[in-house]
1. Let a ≥ b ≥ c be the square roots of the eigenvalues of the Cα gyration tensor of segment 33-114; is it rounded (a/c under 1.5), or, if not, prolate (a/b larger than b/c) or oblate?
2. Can you bin segment 70-129 into rounded, prolate or oblate? Criterion: square roots of the alpha carbon gyration tensor eigenvalues sorted a ≥ b ≥ c, rounded for a/c under 1.5, prolate for a/b above b/c, oblate for the rest.
3. Using 0.36 nm times the number of residues separating Leu5 and Ser44, minus their current alpha carbon distance, what extension gain do you get?
4. Using a simple spin-label model with points 7 Å from Cα along the Cα→Cβ vector, what separation in nm is obtained for Ala119 and Glu73?
5. Using a Förster radius of 51 Å, what is the FRET efficiency between Asp17 and Asp112 based on their Cβ-Cβ separation? Nearest 0.05, please.
6. Relative to the first principal axis of the alpha-carbon coordinates of the chain, what is the inclination of helix 204-213, with its axis defined by its Cα atoms, in degrees from 0 to 90 and to the nearest 10?
7. Compute the FRET efficiency between Asp58 and Gln241 as 1/(1 + (r/R0)^6), taking r as their Cβ-Cβ distance and R0 = 22 Å, and round to the nearest 0.05.
8. Would you please give the FRET efficiency between Glu186 and Asp32, computed as 1/(1 + (r/R0)^6) with r the Cβ-Cβ distance and R0 = 35 Å, to the nearest 0.05?
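Each value in this text was obtained by applying a stated rule to the coordinates, not by laboratory testing. Since this is a predicted model, take the numbers as computed values, not measurements. All Cβ positions, glycine included, derive from the backbone under ideal geometry; neighbour counts span all protein chains shown.
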Amino acid sequence: MTQDLPSPPRLETLAADKPISLFLDFDGTLVDIAPTPDAIEVPSDLLDKLAALAERHDGRVALVSGRAIDDLEGHLGRVTLACAGSHGSHCRDADGGVVGDVPGALAEDVLDEVSNFAAAEGFSREDKAHGVALHYRSDPSLENRGLAFAQKLAERHELQVKRGKRVIELTARGGGKADAVRAFMETEPFKGSHPVFVGDDVTDEDGMRAATDLGGVGIAVGERPSENAKYALANPAAVHQWLGL
């Protein structure tokens, strides 16, 4: 388990003094990582179970994923709880209303350059509403080449680079999982609660840090080292058990 961190207390214990809000990553946290983003196996009843979890916590549950929201819904169905896609760049409440600021889409010349690079170098390109991702799950040796390309492109176009498990993403500046947590925590029903962020990847560290700064905790999933988690869970199955899904 991550850095031999202890398992988290039961949800009821964490909420003993003050209500908690749950911010949940998706890939690697609620579902197992797959060889490609489209190959994940999502239990048919996962969305219903998440909705029931949200009901038990008076709506204080949000998905915070690197995937775009429409991509999430392609695997889950219509998401009827708070949700942040594209690493927190696009946030909406349970009723579908926009939460916080929404960064713009990338320019066409940037997308063309990424497309040409991906085709030439063997990356899988994923377009998102507020960015573009280069996946290299099928060939981890591409990492350094992809990162060097992304960093140079980001410098030229004033973009930001986000890292994940065998994925490099370019987005407009602004947004992020920390910003998503803060934006939700300023709105009902999250306002006044203690945030609990659960995630398995590098991009989740910002969400955990924000949760900690706001009086909550971070929970890391898997074997990856974490600088901001207080607790850890071994894998998505352990996350499901802890959440009571």
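1. Oblate, since a/c reaches 1.5 and b/c is not below a/b.
2. Judged from the Cα gyration tensor, segment 70-129 comes out oblate (a/c at least 1.5, b/c at or above a/b).
3. 10.9 nm
4. If labels sit at Ala119 and Glu73, their model points lie 3.0 nm apart.
5. Between Asp17 and Asp112 the formula returns 0.45.
6. Around 40 degrees separate the two axes.
7. Step by step, r from the Cβ atoms, then E = 0.50.
8. Step by step, r from the Cβ atoms, then E = 0.60.
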